[in-house]
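Below is one structure; the comments refer to it alone.
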Amino acid sequence: MTKFFLTLHVLAAILAVGPVTVAASMFPAALRRAQADPGDASAVASLRLLQRICSVYAFVGVAVPVTGFATASSLNVLGSAWLIASIILTVAAAAVLIVLVLPRQEAALDAVTGEGGDGTAGQQAAGAGVLAEGAVGVRVSSQLAMYTGVFNLLWATVTVLMIIRPGSTTGA
């Protein structure tokens, strides 16, 4: 059963976290392109697609810790320091994505497209460089790049911990 859970965990990580890391990393550059030429429907469509990928796969990404706990339980390593560190870093990565990246992406997309939605995304990111007139400041793109980098670095660290498993005595 351990190999089954481990396989599901690795597949979930690749199929759920991978697209988010790539799409979130591409978003700031796509935002700058859309800002440079607001009439470019292709740039706006790319921005919208990248934001949708991030939102949907962030939700699908819940499968990663769920299958991870099942794997850790079957390996009897729930109390291992490397696993606890990985859990803490995973929670931090999820918080960065949910609190810092996704709301700013939504607000930037709303500002570029002129769609206000319910107005909350714009209000949440108002202090983050989204201007009242609907224009997106350069600061938003830079912040998104930074927060996405932090998110990606956290996931890379978790990946290294999962592979190396410092102090682990299991042979799995």
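Surface calculation, 1.4 Å probe, protein heavy atoms: Thr157 sits at approximately 50 Å² accessible. For the pair Glu115 and Lys3, the difference between a 0.36 nm per residue extended length and the Cα-Cα distance amounts to 35.6 nm. For Ala45 and Arg139, the difference between the fully extended length at 0.36 nm per residue and the C-alpha to C-alpha distance is 31.7 nm. What is the extension gain from Ala156 to Ala95, computed as 0.36 nm multiplied by their sequence separation minus the C-alpha to C-alpha distance, in nm to one decimal? Additional length available on full extension: 20.4 nm.
When nucleic acids and ligands are ignored and a 1.4 Å probe is applied, Met1 ends up with an accessible area of around 150 Å².
Distance from the alpha carbon centroid of segment 1-18 to that of segment 47-113 works out to 14 angstrom.
The values are calculated or read from the model by the stated rules, or taken from the named source; none is laboratory data. Nothing here was measured: the structure is a model prediction, and the numbers come from that model. Remember, those area values only see protein heavy atoms, side chains included, never the ligands or the DNA or RNA. Shrake-Rupley method; radii C 1.70, N 1.55, O 1.52, S 1.80 Å.
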